[in-house]
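**Q** Dumping the structure here so I can ask a few things about it.
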Amino acid sequence: MTDRRPPTVGRLAPSPTGGLHLGHARTFLVAWLAARAEGGRVVLRVEDLDRSRVRDEAVRGSVDDLRWLGLDWDEGPDVGGPHAPYVQSGRTASFQAALDRLKALERVYPCTCTRAEIARAASAPHADDEGPSYPGTCAGRSAADAGALAGRPFAWRFRVGTGGVGWDDLFQGPLAGDPAAVGGDFLVAREGAGSAYQLAVVVDDAAMGVTQVVRGLDLVPSTPRQILLYRALGHVPPTFGHVPLVIGPDGRRLAKRDGSIKLAALREAGVDPRRLVGWLAGSLGLADAPEPVRPADLIGRFSPDRVPAGSFTVTPDDVDALIAGRTPRDGP
């Protein structure tokens, strides 16, 4: 019996709102290895929808950082491919077409609520990152009601319905989330301002044939919403894998504002990328002891079940060791 599974297509999707840091490096390394270990292809896509925060130099810098690490891709803004363009801001027509389809299916409705109004109306407790759950104030509207809102700012919300959404995560095992209970009906576009992240990423991954999405554990809440969008648009959802985060000594995830842990700073300091990759490989259970390696050297060692379940802590001493030409936590 032949294997009818589609070939694996993974993706790297940096957002150029600042330089990539060590946390990004670890997650992108895992994403690349997860695809290459299955003989799969890799797509590079630049997610630059948030134009107010995008830095043009960061677009080029993201590509340079990933190349410096030793990662490569089969399609992308610098190499081309059959699914161009590979920069999200150039794909707005596709997002609009998907939104129009959701309107025709009555899966979205126009919402005029402000954030302050939603916060006042919400009664359920919520996680800080998620914000208050949308109480459904405008859910009685149909898509056609947008015509009567001329001159009023509004957004398009997706109807999540009821019930949980589950998936078998590559690294976390069986997971499930209930979008109705966490966030409620969510934004997919703002009238006159274009698509929101949740819709854009689903449309792009489906169009580019992505079958495997590997990203940070902080994006788990987005996965049930995106699975609902895949289903509504008639697409098969990819396999999802969420990698535990890299955190600082204070227990908080690394941020782009932390300049010392940015890959560009390490490049400029003359750090050997093979030493960095070897250190990250040790943190991923792919090496018994840190040793300088290239990502390609790790393909045969990679398995999702080897990735530790806990977060990985990076300290200033680790960064200093890399800059000094030593492997962190491996002595002077």
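**Q** If you scan the stretch 213-234, which residues turn out to be closer than 14 Å to Pro179 by Cα, hydrophobic (A, V, I, L, M, F, W, C) and part of a helix (DSSP H, G or I)?
**A** Leu219, Ile227, Leu228, Leu229 - these are the residues of the stretch 213-234 that are closer than 14 Å to Pro179 by Cα, hydrophobic (A, V, I, L, M, F, W, C) and part of a helix (DSSP H, G or I).
**Q** Give the residue that is surrounded by the most Cβ atoms within 10 Å (Cβ to Cβ), with candidates limited to residues of the stretch 217-235 that are out of contact with any helix residue (DSSP H, G or I) (no Cβ under 7 Å at 6 or more places or on another chain) and within 19 Å of Arg11 (Cβ to Cβ).
**A** At the first step, the residues of the stretch 217-235 found to be out of contact with any helix residue (DSSP H, G or I) (no Cβ under 7 Å at 6 or more places or on another chain) are 217-221, 223-224, 227-228, 231, 234.
Cutting the leftovers down to within 19 Å of Arg11 (Cβ to Cβ) gives us 217-220, 223, 227.
Working: Leu217: 17, Asp218: 14, Leu219: 15, Val220: 16, Thr223: 22, Ile227: 20.
Top of the filtered list is Thr223.
**Q** Go through the stretch 214-238 residue by residue and tally those that are among the aliphatic types (A, V, I, L, M) and touching a Leu at 6+ places or on another chain (Cβ under 9 Å). Spell out how you get there, then give the answer.
**A** First pass over the stretch 214-238, keeping only residues among the aliphatic types (A, V, I, L, M): 214, 217, 219-220, 227-229, 232-233, 236.
Pick out the ones that are also touching a Leu at 6+ places or on another chain (Cβ under 9 Å) and you get 214, 217, 220, 229, 232-233.
Summing the residues that are among the aliphatic types (A, V, I, L, M) and touching a Leu at 6+ places or on another chain (Cβ under 9 Å) in the stretch 214-238 gives 6.
**Q** Considering only residues that are outside any loop (DSSP other than H, G, I, E, B), surrounded by fewer than 22 Cβ atoms within 10 Å (Cβ to Cβ) and not small (Gly, Ala, Ser), which ones fall in the stretch 187-203? Before the answer, list the steps.
**A** Going residue by residue through the stretch 187-203, those that are outside any loop (DSSP other than H, G, I, E, B) are 187-190, 194-195, 197-203.
Checking the rest, the ones that are also surrounded by fewer than 22 Cβ atoms within 10 Å (Cβ to Cβ) come to 187, 190, 194, 197-198.
Those that are outside any loop (DSSP other than H, G, I, E, B), surrounded by fewer than 22 Cβ atoms within 10 Å (Cβ to Cβ) and not small (Gly, Ala, Ser): Leu187, Arg190, Tyr197, Gln198.
**Q** Return only the number of the condition from (1) in a helix (DSSP H, G or I); (2) in contact (Cβ under 8 Å) with a residue 24 or more places away in the chain that Arg67 does not satisfy.
**A** (2)
**Q** Looking only at the stretch 73-82, how many residues end up being at pLDDT 95 or above and buried (at least 16 other Cβ atoms within 10 Å of the Cβ)?
**A** Result for the stretch 73-82: 4.
**Q** Any residue at all in the stretch 176-183 that's crowded, with 16+ Cβ neighbours inside 10 Å and touching a residue at least 60 places away in the same chain (Cβ under 8 Å)? Before you say what the answer is, go through the steps one by one.
**A** First, pick out the residues of the stretch 176-183 that are crowded, with 16+ Cβ neighbours inside 10 Å: 177, 179-180, 182-183.
Then drop every residue that is not touching a residue at least 60 places away in the same chain (Cβ under 8 Å), which leaves none.
Within the stretch 176-183, none of the residues are crowded, with 16+ Cβ neighbours inside 10 Å and touching a residue at least 60 places away in the same chain (Cβ under 8 Å).
**Q** Now for a different question. For the stretch 102-118, enumerate the residues that are modelled with pLDDT under 95 and either among the charged types (D, E, K, R) or loosely packed, with under 13 Cβ neighbours inside 10 Å (or both).
**A** Thr114, Arg115, Ala116, Glu117
**Q** Could you grab me the full set of residues in the stretch 276-332 that are among the β-branched types (Val, Ile, Thr), crowded, with 20+ Cβ neighbours inside 10 Å and not in a helix (DSSP H, G or I)?
**A** Val293, Val307, Val314
**Q** For the stretch 146-176, name all the residues that are in contact with a strand residue (DSSP E or B) (Cβ under 8 Å, 6 or more places away or on another chain), modelled with pLDDT of 95 or more and not aliphatic (A, V, I, L, M).
**A** Residues satisfying the conditions are Trp156, Arg157, Phe158, Arg159, Gly166, Trp167, Asp168, Asp169, Phe171, Gln172, Pro174.
The values are calculated or read from the model by the stated rules, or taken from the named source; none is laboratory data. For clarity, every value in this text was computed on a predicted model and none was experimentally measured. When we count neighbours, we look across all protein chains shown, and the Cβ atoms used for this are built from the backbone with ideal geometry, even at glycine.
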